[in-house]
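The values are calculated or read from the model by the stated rules, or taken from the named source; none is laboratory data. This is a predicted model, so every value here is computed, not measured. Here the Cβ positions follow ideal geometry from the backbone for every residue, glycine too, while neighbour counts run over all protein chains shown. Side chains included, ligands, DNA and RNA excluded: accessible areas come from the protein's heavy atoms. Shrake-Rupley method; radii C 1.70, N 1.55, O 1.52, S 1.80 Å.
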Amino acid sequence: MNVAQFGVLEKDLLDDFQRDFPLVPRPYRAIAERLGCDEDTVLELLCQMIKAGLITRIGPVFAPHRAGASTLAAVAVPEDRLESVAALVSGYDEVNHNYEREHRINLWFVVCAPAAERVAEVLRDIAARTGLEVLDLPLEQAFHIDLGFPLQWS
């Protein structure tokens, strides 16, 4: 599945539930009812999008340090290693995303864990496994950034 294959149902599924995800025992059933399909269809579409790499996670976003601990981290990765280091970083359950920036320090990611000790452990482990210095950039001032955005395709 790729973006070109998206129909109205897939677009509505992604657009309509970035906020106000149903907090009920069967959220995918509630989503299906609102979309006019069945729960199995919603789950299958989400699985297909995850397998295709079109979405990476389904889950809540919490204000920093309201539940557990987190930090922004960055690494200067040689260009020829960027893909493999990014894959290694993404392999940690505590990392929910990483991204490339056009800078010498080119790989950025967020680490979230139940406690600050685990955040530090993940950063040390990434440094040990890659042989690269990991910059720990803890939050100094919080800003609210709405991470939801409409996926408008023609």
*Cβ-based charge dipole, the chain, positive-most Cα from Gln141, Gln18, Gly7*: Gln141
*Got a sec to turn the phi values of segment 6-22 into Karplus ³J(HN,Hα) couplings, 6.51 cos²θ - 1.76 cosθ + 1.60 with θ = phi - 60°, whole Hz, x for Gly and Pro?*
5, x, 4, 4, 5, 5, 5, 4, 6, 6, 7, 10, 6, 10, 6, 4, x
*For segment 124-139, just list the computed ³J(HN,Hα) in residue order, Karplus coefficients 6.51, -1.76 and 1.60, θ = phi - 60°, integers in Hz, with x standing in for Gly and Pro.*
4, 5, 4, 4, 5, 6, 9, x, 10, 6, 9, 7, 9, 10, x, 4
*Using a 1.4 Å probe over the heavy atoms of the protein chains, calculate the carbon and sulfur portion of the accessible area of the chain as a whole percent.*
53
*So what is the relative contact order for segment 69-137, in percent, with contacts set as C-alpha pairs under 8 Å and at least six apart?*
45
*For segment 40-56 and segment 91-122, compute the distance between their C-alpha centroids and round to whole Å.*
24
_Scaled radius of gyration (Cα, divided by 2.2 N^0.38 Å) that segment 55-116 gives_ = 1.18
*How large is ³J(HN,Hα) for each residue in segment 48-58, as worked out from phi by the Karplus curve 6.51 cos²θ - 1.76 cosθ + 1.60 (θ = phi - 60°), to whole Hz, x for Gly and Pro?*
4, 5, 5, 4, 7, x, 7, 9, 10, 7, 10
*Using a 1.4 angstrom probe with every protein chain in place, what is the largest-first accessible-area order of Arg26, Arg104, Arg129?*
Arg104, Arg129, Arg26
